[in-house]
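Data block below; observations after.
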Amino acid sequence: MESAAALPEGLFFDLISAKEVDTVYELEAKSFPPEEAATIEKLRYRQENAPELFLGAFVPHTGGGRALLGYVNGVLSSEATLTSESMSTHVLGAHTVLIHGVCVASDSRRRGIASALLAEYQRRLEAAGSYERALLIAHEDKLGFYERFGFKSRGLSNISFAGVTWLELEWTVPVEVDRSGSAPHTILPGLLESLQGRSNPQLQGQLLSAFTNGILDVSETEGDRTINRYDLLCVNDVVGVLSLGEG
């Protein structure tokens, strides 16, 4: 687990460019055992085909430019689980993100960079509005780290390489509910009649906004309780439709 040390001054996030893949490969080779590290060909494939999923953590470089401190990369898959084939290909327009790795340079670790990088990656996936889930495989000792970001273990992965077993983890991309209220609700023809068990073609519904005094015009007080003067129909984006009976 990373310590609470301050993030490097000037840290920012940006997509990895084609000319930076060689630098990524150098960092990859230094950070992972040879049997686990991606080849330069695989890294180039990911950057060329899924550049929007190849995110780097940078600081301004002395004398200009930027220095790479870490990265996370992935591809898209139409599968709901990880396979050796899906990890090596990119399916354009698919909705499952396969994360290949979260990597930080050895001399920059324990400063919160990996946490900040993964959180930014998740934020961008959520903002894109086109992804359903993110999957990755990890060693068991890394499970706690990923659980802090909402990843849940699916158990042992079907993928086996480097002579060890892996856990498959899943993060479900949150779906944001539009609560802006910019589009007014309408009552579909026949909906009110169906809910009330009526077939009277003369029955017409009215929106609450049609009443001059709003809720005051459709309710009244009797003693210590308020009752409905009409049958009320509540249309809600979250729960669907709720019918409130008269009285």
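Things to note:
- Apart from one condition, residue 67 fits all of (1) over 20 Å from residue 26 (Cα atoms); (2) of a type in the set (A, V, I, L, M, F, W, C); (3) surrounded by fewer than 17 Cβ atoms within 10 Å (Cβ to Cβ); (4) without any contact (Cβ under 8 Å) to a residue 24 or more places away in the chain; the exception is (1).
- Selection over the range 155-170 of residues that are surrounded by 15 or more Cβ atoms within 10 Å (Cβ to Cβ) and either in contact (Cβ under 8 Å) with a residue 60 or more places away in the chain or in a loop (DSSP other than H, G, I, E, B) (or both) gives a count of 4.
- The range 63-75: number of residues that are hydroxyl-bearing (Ser, Thr, Tyr) and modelled with pLDDT under 95: 0
- Considering the conditions (1) of a type in the set (A, V, I, L, M, F, W, C); (2) outside the structural domain of residue 105 (by TED's automatic domain parsing); (3) assigned to a strand (DSSP E or B), residue 7 is excluded by exactly one of them, (3).
- Test result for residue 39, surrounded by fewer than 18 Cβ atoms within 10 Å (Cβ to Cβ), assigned by TED's automatic domain parsing to the domain that holds residue 97 and more than 22 Å from residue 8 (Cβ to Cβ): yes
- Restricting the range 102-148 to residues that are touching a helix residue (DSSP H, G or I) at 6+ places or on another chain (Cβ under 8 Å) and in a loop (DSSP other than H, G, I, E, B), the residue that is surrounded by the fewest Cβ atoms within 10 Å (Cβ to Cβ): 148
- Selected residue [under 25 Å from residue 10 (Cα atoms) and either outside the structural domain of residue 73 (by TED's automatic domain parsing) or at pLDDT 95 or above (or both)] from 151, 145: 145
- Residue count, the range 28-62 (criterion: at pLDDT below 95 and aromatic (Phe, Trp, Tyr)): 1
- Hey, residue 86 among the small types (Gly, Ala, Ser), surrounded by 14 or more Cβ atoms within 10 Å (Cβ to Cβ) and modelled with pLDDT under 95 or not: yes
- Residue in the range 78-101 that is in contact with a Lys or Arg (Cβ under 9 Å, 6 or more places away or on another chain), hydroxyl-bearing (Ser, Thr, Tyr) and assigned to a helix (DSSP H, G or I) present: no
- From the options 93, 74, residue that is surrounded by fewer than 17 Cβ atoms within 10 Å (Cβ to Cβ), touching a residue at least 12 places away in the same chain (Cβ under 8 Å) and touching a strand residue (DSSP E or B) at 6+ places or on another chain (Cβ under 9 Å): 93
The values are calculated or read from the model by the stated rules, or taken from the named source; none is laboratory data. Since the structure is predicted, the reported quantities are computational estimates derived from the model, not experimental observations. All Cβ positions, glycine included, derive from the backbone under ideal geometry; neighbour counts span all protein chains shown.
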